[in-house]
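*Asks:* Here's a structure for you.
The values are calculated or read from the model by the stated rules, or taken from the named source; none is laboratory data. The shown structure was predicted, so the numbers you read here are calculated from the model rather than taken from an experiment. No Cβ is skipped: glycine too gets one built from the backbone with ideal geometry, and neighbour counts run over all protein chains shown. Ligands, DNA and RNA are excluded from the accessible area calculation, which covers all protein heavy atoms including side chains. Shrake-Rupley method; radii C 1.70, N 1.55, O 1.52, S 1.80 Å.
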Amino acid sequence: MSSSGERMIALKSCEGDVVYIKETGAVQSLFIRREMKFIKADPAYPPIDLDMINTATLNKVIDYCNHHAEFANDKAALDSFDAQFVEFDGNTSLFQLIHAAHYLKIYSLMDLTCRTLSQNIKGKSIAKLRRLSENSSDNGECLI
Amino acid sequence: MAVLPDELWRRVLEIGAIENSLNLLTYKDLCSLSITCRTLKRLSGEDFIWSSFLLSDFSQSRIQSSSAKSQYKLCFERDKEKKALAHKRAVLRIVSSIAEHSRRVSELGSKLGKEVERLNAAALELSNLRNVRHASVALNVWQPEIVRDRQKQIVEQCTVNVKSRTSALDMEVKLCKQQIAAFDKARRDEKSRLQAAKEQLASVMYHPLRDYNLPSSSSCSRGDECNSKKKKLKTSNLCKETLNT
């Protein structure tokens, strides 16, 4: 029983926050798409539990999906969005984003983030040692 | 250390090394990655990337030795040797051309010297003949006895036909001057060629990395870096492990 307006899907992060994503954005994730049948059938379906992903990353993912759903045909706008999207300080949030994209099976986001990571790798050595070793003492609750 | 699971790292490396046409990862980046931690060392040594490198850099599609990475290393070393030999040959060629130019310069120099001597001799003889001519002309005029005797002496001492000898000497002087000019120009040209060859040698021999010999240098080749960094990494890994337990 989908409403005529934009339907919002509820997602729960590992920290317990419930965030909403538009349906058009949500279908970019194959993981959510599989759940869609159940969600459509039952309007009181509980929020999808994503205990691997923290709230900040989840918000970023939602941002990405919504934006891509909106500008699905406009390649230039998407490219500029993508370029801005992956500017991070350090690699920790990038790793979390890769995890999230992988778990939710959003392949375009995965490709984007993996490409960013490989570009970050290129041409560095000592700096790399330091940056990658930062991650081991990270907030490990939401990551394996 | 590497918080991503294997398959994600593989995807990253695959995108970076194979699919990303703008900013490909190279063998250097993979070697650097293999220094960082054990997981990445394992992952970055896998065949799928190295065989694509083999194909693109050395156009070899068959893996003959145990792993693609060692095959790549072999091809790389062979290529390096070839380049070193070619460099040596080029250097030797330039050195021999420098030797040739120097030899020619000194040869022209000696020829020039001889011509100058000849010129001077001819000029001397010419001035002597001129004195004789003056003396013979002066004898037709009245002069004091002493002077007349001296002039008679000069005229009698001269055994050659003054006129013809003078003209011959004039011709010789002219020729000498021409030769000297020609030799001088040739020598200058040869010197400039020598200078050019010397500059070429200096530029071919210029290699800032090889000259930089400080032990703490970080600009030495990645191969050496691997060895020295492995030691550092082992000790730091040990420390981390003891801290975590």
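*Asks:* From other protein chains only, count the Cβ atoms within 10 Å of every residue's Cβ in B:83-91, then give the mean. Kindly include the intermediate steps, with their values, before the conclusion.
*Replies:* Values: counts 0, 0, 0, 0, 0, 0, 0, 0, 0.
So the per-residue partner count for this stretch is 0.
*Asks:* Ignoring ligands, DNA and RNA, how much accessible area is buried between chains A and B, both sides summed, with a 1.4 Å probe, to the nearest 100 Å²?
*Replies:* Values: alone 8610 and 17630 Å², together 23890 Å².
Summing both sides, the interface buries roughly 2300 Å².
*Asks:* Just how much of A:Tyr107 is accessible, in Å², when a 1.4 Å probe is used and the result is rounded to the nearest 10?
*Replies:* 120
*Asks:* In the range B:1-72, which chymotrypsin sites (Phe, Trp or Tyr not before Pro) fall in coil by DSSP and have 15 or fewer other Cβ atoms within 10 Å?
*Replies:* Values: sites: B:Trp9, B:Tyr27, B:Phe48, B:Trp50, B:Phe53, B:Phe58, B:Tyr72; in loops: none.
Here no loop site has a sparse enough neighbourhood.
*Asks:* Okay, next question. Which whole number gives the average, over all residues in B:9-18, of C-beta atoms from other chains lying within 10 Å of the residue C-beta?
*Replies:* Values: counts 3, 1, 9, 10, 4, 2, 10, 9, 3, 0.
If you average over the peptide's residues, the count of other-chain Cβ atoms is 5.
*Asks:* Further question on the same structure: Considering the dipole of the range B:1-142 built from charges on the beta carbon (Lys and Arg +1, Asp and Glu -1) around the Cα centre, which of B:Asn131, B:Val3, B:Ser65 is farthest to its positive end?
*Replies:* B:Asn131
*Asks:* Here's a follow-up. Starting from the range A:24-102, pick out the trypsin sites (Lys or Arg not before Pro) whose DSSP state is loop and whose Cβ has at most 15 other Cβ atoms within 10 Å.
*Replies:* Details: sites: A:Arg33, A:Arg34, A:Lys37, A:Lys40, A:Lys60, A:Lys75; in loops: none.
Passing both the DSSP loop test and the Cβ count: no residue.
*Asks:* Over the Cα atoms, compute the radius of gyration (one decimal) and Dmax (the largest Cα-Cα distance, rounded to a whole number) for the range B:76-121, in Å.
*Replies:* Spelled out, the Cα radius of gyration and Dmax of the range B:76-121 are 20.1, 68 Å.
*Asks:* List the aspartates and glutamates whose Cα lies under 16 Å from the Cα of B:Lys41, skipping any in the same chain that are fewer than 8 positions away.
*Replies:* The qualifying aspartates and glutamates are B:Asp6, B:Glu7, B:Glu14, B:Asp29, B:Glu225.
*Asks:* Please list the radius of gyration and Dmax for the range A:1-85, considering alpha-carbon atoms only, with Å as the unit.
*Replies:* 13.4, 39
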